Structure formats: C-alpha cells, structure tokens
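The block underneath contains the structure these notes are about, expressed in structure tokens.
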Amino acid sequence: MAMRILAVDDEEDYRIIIKDVLESAGYEVRLAPDGEAGLAAAKDFNPEAVLVDWMMPKMDGEHFVQALRREEPLKSVPIIMLTVKQTADDELEALHFGVDDFIVKPFQASDLVARIKAVVRRARA
Amino acid sequence: MSIRLKLSLAIGLLLSSSLLGVGFLLLEMESRNLRQDMAKDERFIVAMVRRAAEDALVQKDDLLLLSYGKFLRQQFPALEYVRITWHGSGKDRTYTVGAATPSPGLESTLLRLDDPVEPGRGVTLDVGINEASMRIRLQENIARTRRNFLRLFGIAVIGALVFADLFARRLSRPLKELSRAAAEIGHGKQGVRLAWKSKDEVGRLVEGFNRMAERLEELDALKKDFVSAVTHELRSPLGAIESFLNLMETKLAGGAPQDPVQFKAYFDRIKQNVRRLSGFINDLLDTAKIERGKMECALKPVKLQGVAADVVQFFEAKAKEQEIAITNRVNPDTGPVQADPERLRQVLVNLVSNALKFTPRGGKIWITTEQYRENGQRFLEVAVQDSGHGISPEDQKRLFQKFAQGKNNTQRIAGSHGTGLGLFIVKAIVEAHGGTISVQSELGKGTRFVFGLKMV
C-alpha cells in the first residue's frame, strides 16, 4: 500500500511540484493550502509523514505543528518543514517547536524523497 | 574632568567665597563695634565717677565716693586708679583708689567739681584709665571673634561642598544615564528608554531622547520589513521557477515519455512567476524613482472610460474564476481628464487587483466617477469600490506607506502575496497628477479608494 503523505503549503506552485514529485515516487498525496485546512486533512487522512510550509495565512507552520503534536493519534507523526527561511537560527527554531527535519526551498525532487524515507524510517524504528 | 566634579567645584567655590566675603564684612563690623564699645566704656567710667562725686559733694560723704571708686575698679580692670582730692575748709584731703604708678598707655582725666551751695568747697578727680590693657582686651575679643568665625566658616565650607556635590550629582545623574543609554543604543540594543522625569531642559532632553530611540527602532523595524519583504518577493517566485525547472529536468533525465499537457502547465507556472518577478522589480524601480522625486507623468487628455474598460477586461478571467463581478460604471459621456494613460492604468490595475485579493467569492467590485468643481477647475473623482473584507482603521493609517501590508488581512486571506509597494506607488502617481487619494473602509463591509483628476 502506498505511503500517505500530507503536504501543507499556501503556494499553489509548490503544491503542484510536491504532488508531482511524491506521486512519481509512488506515494499517496493529500494537499492543503493553509494550517487550518491541513489540520482537518491530517485528522481525516491520517498521514504517515507531513510536509509543511512555515509562512502561511490563517494558521502558520509553527502553530500547525504545535496543534498536530497535541492530537493523540498524530502526535508522533514525522514532520518535515519545507520553507524559504534558510538561516541556521530558523532551522533551530523549527526543530524546537517540533519538526523532525528541515528542507530549504527550492529543493531537488530526490532530496525531498530521500528525507521523507529517512524520517519515516526513524519514526518506525 | 566630569561635569559633576566641575559643578561641585564651581558651586563649592562660589559658596565658600561668598561666605568668606560676608564673614570678613561681619568680622570687620564686629571689630569696629568692639572698638567703639571700648571708647564708650572709657567715657562711661569717667561719667560714673563724676556722678558719684556730685552725689558725695551734696551729701558731704567722702566715703561714698571712695567705696564707689573701689567698686568701679573691680568692675573695670582698665580703671587703674582714681585720685580724689577734696577742697575746702583750708586744707585739701587726697585719697587714692588703686596705684597711681605711671605706666605707658595710662590716660588720666582731670575733673573739678564745685559745691554749688558752699563756695570754695569742691572735689578734684583724677581718673586714670589704662588704655593699653583695654586695647589688649579688645585685641583678645577680636581674636576670639575671628577664631569663632573661622570655625563657623570651616563648617560652612564643608556643608557647602557636601551640598554642592549632592546638587551636582542630582544634575549630572540624568546626563550620565543618557550617555549610558546612548552608548547602549549605539551598540544596537533595543528597547532602551530613560525613566527620568523633570520639567527642565534635562527632562525635555530625556523626553526627546526617548522619542529618538523609539523612532530609531521604528526605522529599524521598517528596514527589516523592507529586507524581508524584498527577500520574500524575490525568493519565492525564483524558488518556484527553480523548483519547476528541477522537476522538469529530473523527469526528462528519467527518460520516460513526458505528458506535454503537464509540461505546458509547468511552463505557464514558470511564466507567471517570471511576470510576478518582473512586476516586483518594476515596483522597486518605481519606488526608487519616487524616492528620488522623479515620478514624472506626461499628462495629456485621456478618456477614463477607455482605460477603465481596458482594466476591467484585463481582470475578467481572474474575476470569473473567483466568482467576483467587476463593473465599469464610468459614464461614456464623461469628458477627458489630464493624465498619463500608462500611469492611470497602473493605478486602476493596482486598486482592482487589491480589491480582488480582499473580496471573497460572490463579491462585487465597481469603478465609478463623479464630477465636481473646485476654484473654477473641473475635477473627476474616481472611485474603486469593493464589497470585501474591509480595512481596520489601524491599517488604514499605514496603508500608503512602503511595505505596509494590513496585518489582519494578510493573515486571513489565502495566497494574498503583495509587495507592499502597490499603494505607495499609486499614491505617488496620483500626487504626480496633482491629486490626492483617500480610503474609506469598514471591516466586513468593503473598501472604497477615491482619487481626483483634473478635467480638461
């Protein structure tokens, strides 16, 4: 069965790219345009890994991650932050509020897939 | 030398010198008084002896005068001797109180009193006062006064110095604080404020300093906003373009047959991002022009109706997609306005695209005009109105500033990426046309941007 991945990003460009990359890699993908919609999708879809942008309207990545970490069945799901923020401080901050990995946009398709595999492997170990 | 030390020394010196001046004046007056007292004492002794002699003469009591003389000698040590010579009944009798040994400084006063009833009877008095001893006592008195004065002066000077130091410390403390705070701000520390309050120049300086610190932080925040806005607006379309290219490259490298429809869609996405990027760069160039005061518009008669219709058509597809109705309600009979057609189009495009961003599905946007006359000049008031989310009064105030995006709105509206330069440029263009732009808005009800253009 295909692995379920939820991708939350307010920019349509990235939603299109992520969908293409992940579906090409054989995953099942669900997309959401902001944190609020992402949270609803997560409860419904029960993903095995989550990709989330940082700066989004309605609910940003930070609040999304914190909210997800409070949801009982989802609290230990691996989360990768996918953002244009790129300083070491940004990465540290994101790791502090609960993400498992940090990818700077723009990214390579192979990089994204490899990192998803890595966080899922760690989560299952 | 610190201000505190300078002030202390200056105040201390001033107080000490004035104390010294006043002190010497007092000392001089005291010495004069003492000297006068001495002269008075001298005359007083002689007068007393004279009074006693008169009494004795009337009462014919020799002893009275004698005992009084003794009493006076005890009272006034300067009274060296009193020689009393009674005249009458043939022979003179002489009594002497004290020793009449001549010594330097001895001053003798001779007095002759006659009995008014018995002629020939009288008394001669020789009063010897030792002025030298009086003068010595006077000197002693003056010296004692001077010692007392010096002691008091010493205490007063110490007091003055302590007071001066406290005063100087009080005055210089805010200055010290100011220089410390200024140094901190110089090192880039934020939130530095001084709590000093007084109604004098220093109080005003502190107030001004706090205002300056606040303004500096505002400017700093503005600069950060600018940098992050520019970075975001440049990086996100560039990032999207690069990501699409990477994706397409990976797909082509995989060798599998590609879906041309999908590739066409990706090319369109790339094109859109390129347009967004060049739009932003144009906005930046316009902003730079405005900052240099070079926003120039070549005014000529333009029919607004045509420009408005063009703009409405430009947004038609997007509006349909968002289920928003855009209407051009400009009267086709409206006369031409004085405008730069390209810039006028830019103003309308900006206002309508903003309206599209902040108007939910099923909403309305319309462009209207109204003619009015002011000082004999005909104007056309152009309004772009929407039934959207509205702008809070707080956001309305900073709407036309560079990189000032409504805080409430951008958080609520999905995909509302803006450069934060649009309205800044719109305002500059309207002003270059000799007009002004204003906004009326209520949260939840909609927004109306109005600007005036001169008519031909």
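The values are calculated or read from the model by the stated rules, or taken from the named source; none is laboratory data. Only a predicted model underlies this, so the values are computations on that prediction, with no experimental measurement involved. No Cβ is skipped: glycine too gets one built from the backbone with ideal geometry, and neighbour counts run over all protein chains shown. Heavy atoms of the whole protein, side chains included, go into the accessibility calculation; ligands, DNA and RNA do not. Shrake-Rupley method; radii C 1.70, N 1.55, O 1.52, S 1.80 Å.
The mean sequence distance of close C-alpha pairs (under 8 Å, at least 6 residues apart), as a share of the length of chain A, puts its relative contact order at 22 percent.
For A:T83, B:T231, give the ranking by accessible area with the largest first, probe 1.4 Å.
On the way: A:T83 0, B:T231 50 Å².
Ranked from most to least accessible, the order is B:T231, A:T83.
With a/c under 1.5 counting as rounded, go ahead and sort the range B:272-370 into rounded, prolate or oblate using the C-alpha gyration tensor (a ≥ b ≥ c being the square roots of the eigenvalues; past the cut-off, prolate if a/b is larger than b/c, else oblate). Taking the square roots of the gyration eigenvalues as a ≥ b ≥ c, the range B:272-370 is oblate.
A simple count of charges around B:L7, restricted to other residues whose Cβ falls under 11 Å of its Cβ and scoring Lys, Arg +1 and Asp, Glu -1, yields +3.
Between B:L64 and B:A143, the FRET efficiency from the beta-carbon distance, with R0 = 60 Å, is close to 0.95.
Just add up the charged neighbours of A:Q86: K/R +1, D/E -1, any other residue whose Cβ is under 9 Å from the Cβ of A:Q86.
+1
A full extension of the chain between B:A100 and B:E370 corresponds to an added length of 84.3 nm, given 0.36 nm per residue minus the alpha carbon distance. With a 10 Å cut-off around each Cβ of B:233-242, the average count of Cβ atoms from other chains is 4. Estimated from helices alone, the mean residue ellipticity of chain A at 222 nm is -14000 deg cm²/dmol (sum of -39500 (n - 2.57) over DSSP H runs with n ≥ 4, per residue). Evaluating 6.51 cos²θ - 1.76 cosθ + 1.60 at θ = phi - 60° for every residue in the range B:14-27, the Karplus couplings come out as 4, 5, 5, 5, 5, 4, 4, x, 4, x, 5, 4, 4, 4 Hz, glycine and proline recorded as x.
Charging the Cβ of each Asp and Glu at -1 and of each Lys and Arg at +1, and nothing else, the dipole of the range A:11-77 about its Cα centre rounds to 280 debye.
Of all beta bridges DSSP finds with both residues in the protein assembly as shown, what is the antiparallel percent, to the nearest 5?
70
Taking label positions 7 Å along the Cα-Cβ direction at both A:M3 and A:R124, the computed distance is 0.7 nm, reported to one decimal. Each peptide in B:379-385, B:310-316 gets a packing score, the mean of other Cβ atoms within 10 Å over its residues, and the list from highest to lowest is B:379-385, B:310-316. Just the protein heavy atoms count here, and of the accessible area of chain B at 1.4 Å, carbon and sulfur take up 57 percent.
From most to least packed by mean Cβ count within 10 Å, the peptides B:301-309, B:154-162 give B:301-309, B:154-162.
Compute, for the range B:213-315, the length of the dipole vector about the Cα centre, with Cβ point charges of +1 (Lys, Arg) and -1 (Asp, Glu) only. Units Debye, rounded to 20.
Roughly 440 debye for the range B:213-315.
Could you tell me which of B:I290, B:N328, B:V312 has its Cα farthest along the dipole of the range B:220-355 towards the positive end, charges placed at Cβ (Lys, Arg +1; Asp, Glu -1), taken about the Cα centre? Positive-most Cα among the choices belongs to B:I290.
Between the range B:15-69 and the range A:90-122, the alpha-carbon centres lie 111 Å apart. Summary of packing: across the peptides A:19-30, B:236-247, B:204-215, the per-residue average of other C-beta atoms within 10 Å ranks them, highest first, as B:236-247, A:19-30, B:204-215.
Relative to the longest principal axis of the Cα atoms of chain B, the long axis of helix B:260-291 lies at roughly 40 degrees.
From other protein chains only, count the Cβ atoms within 10 Å of every residue's Cβ in A:1-12, then give the mean. Working shown, then result.
Details: counts 0, 0, 0, 0, 0, 0, 0, 0, 0, 4, 7, 5.
Per-residue shielding by partner chains comes out at 1.
For trypsin sites (Lys or Arg not before Pro), the sites in the range B:69-178 that DSSP calls loop and that have at most 16 other Cβ atoms within 10 Å are B:K91, B:R121. In chain B, the DSSP-assigned H stretches of four residues or longer account for a calculated mean residue ellipticity at 222 nm of -21000 deg cm²/dmol, using -39500 (n - 2.57) per stretch and the full residue count as denominator. Once the C-beta distance of B:F167 and B:E207 is scaled by a Förster radius of 22 Å, the resulting FRET efficiency is 0.50 to the nearest 0.05.
Between B:L443 and B:R292, how high is the FRET efficiency from 1/(1 + (r/R0)^6) when r is the Cβ-Cβ distance and R₀ = 35 Å? Nearest 0.05.
Efficiency, from the Cβ-Cβ distance: 0.45.
Measuring nothing but how far apart in sequence close Cα pairs (under 8 Å, 6+ apart) lie, relative to its length, chain B scores a relative contact order of 11 percent. Within the same chain, lysines fewer than 8 places from B:K303 are excluded, and of the rest, those with a Cα less than 17 Å from its Cα are B:K454. When both the range B:267-285 and the range B:426-441 are represented by their alpha-carbon centers, they are found 25 Å apart. A Cβ-based charge dipole, computed about the Cα centre of the protein assembly as shown with Lys and Arg at +1 and Asp and Glu at -1, lands at about 1100 debye. In percent, rounded to a whole number, the relative contact order of the range B:157-290 is 18, using alpha-carbon pairs under 8 Å and six or more apart.
Charge tally for B:K60 (other residues, Cβ to Cβ under 10 Å; Lys, Arg +1; Asp, Glu -1): -3.
Accessible surface buried by the A/B pair amounts to about 1800 Å², both sides summed, 1.4 Å probe.
Using 20 Å as the cut-off for backbone N distance, which residues of the range A:49-73 belong to the label zone defined by a point 7 Å from the Cα of A:L95 along Cα→Cβ? In the range A:49-73, the label zone of A:L95 (backbone N under 20 Å from the point 7 Å along Cα→Cβ) covers A:50-55, A:61-63, A:65-66, A:69. The distance from the alpha carbon centre of the range B:98-120 to that of the range B:380-394 is 122 Å, rounded to a whole number.
In order along the range B:5-13, the phi-based Karplus estimate (6.51 cos²θ - 1.76 cosθ + 1.60, θ = phi - 60°) of 3J(HN,Hα) comes to 5, 4, 5, 4, 4, 4, 5, x, 4 Hz; Gly and Pro are listed as x. Counting Cβ atoms of other protein chains within 10 Å of each Cβ in A:106-114 and taking the mean gives 4.
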